[in-house]
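Input: a single structure, listed below in structure tokens.
The values are calculated or read from the model by the stated rules, or taken from the named source; none is laboratory data. Everything quoted here is computed from the prediction, not taken from an experiment. All Cβ positions, glycine included, derive from the backbone under ideal geometry; neighbour counts span all protein chains shown. Heads up: the accessible areas ignore ligands, DNA and RNA and are worked out on the full protein's heavy atoms, side chains in. Shrake-Rupley method; radii C 1.70, N 1.55, O 1.52, S 1.80 Å.
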Amino acid sequence: STKIDQKSAASAKLKEEVATLQRELAALAASQMEMDSIRAEEKKVFAANKADMEQGLEGVKMALKVLHDYYAKGDKAHTAQTGTSTGVIGMLEVVKSDFDRTVKETEKEEQKAKEAYLELKTQTGKSLAENRVAKEEYESALNDAEGEDTENFEALEAAVNTLDSAIGELLSLHQACIDTGMSVEERNEA
């Protein structure tokens, strides 16, 4: 009975550990799915923004080329507008520089986000693997404990049957040995 009680307590603790690990695995899997979804959205936004910035940068470069070509012709009408042209070209150069800087910063941020995601994904994968292994070990130990419980119950049942049989024999002997007014020889003959 003591062995059964000990094994039952151990089985209950193992069942609790398995349930805890199952909850942790479910939480990790949900976290991984959410992380993947967030990362996919970040990547989509980055791609769209980068395309827009690169298109804007190309537009500014084209405008600068057109203006440079236009003012490079040396026409007298152009010379009168030289002050205006340097202001517009200067402003477009600043815009081009801003676009270049923004594209580079956005690419750096995307790279950092990607690296952080990969690191977190690796850590989550390790945690998932460790929890799966631990869960399998607990389940194996639980199966062993339940098998031992069965063996202990069978041994207890056999011991109870033997004890019941012995008590039955003892009672029949006790009845035979009770003073019934017969002598020992008479009892032996009976």
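Averaged per residue, region 1-68 has 68 square angstrom of accessible surface, using a 1.4 angstrom probe with ligands and nucleic acids left out.
Other residues whose C-beta falls under 14 angstrom from the C-beta of MET53 contribute a net charge of -3, scoring Lys and Arg +1 and Asp and Glu -1. With Cβ to Cβ distances under 15 Å as the rule, what net charge do the other residues near THR20 carry (K, R +1; D, E -1)? Once all neighbours under 15 Å are counted, the net charge is -2. Going by accessible surface with a 1.4 Å probe and the largest first, TYR117, TYR70 read TYR70, TYR117. The heavy atoms of LEU118 offer some 90 square angstrom of accessible surface to a 1.4 angstrom probe.
Using all pairs of distinct alpha-carbon atoms, the Kirkwood hydrodynamic radius of region 104-174 works out to 17.7 angstrom. To the nearest 10, the accessible area of GLU119 is 110 Å² with a 1.4 Å probe. Suppose R0 equals 41 Å. What FRET efficiency, 1/(1 + (r/R0)^6) with r the Cβ-Cβ distance, do GLU139 and VAL160 give to the nearest 0.05? According to the calculation, E is roughly 0.85. Compute the signed sum of charges (Lys and Arg +1, Asp and Glu -1) over the other residues within less than 15 Å, Cβ to Cβ, of ALA29. Taking every Cβ under 15 Å from that of ALA29, the sum is +1.
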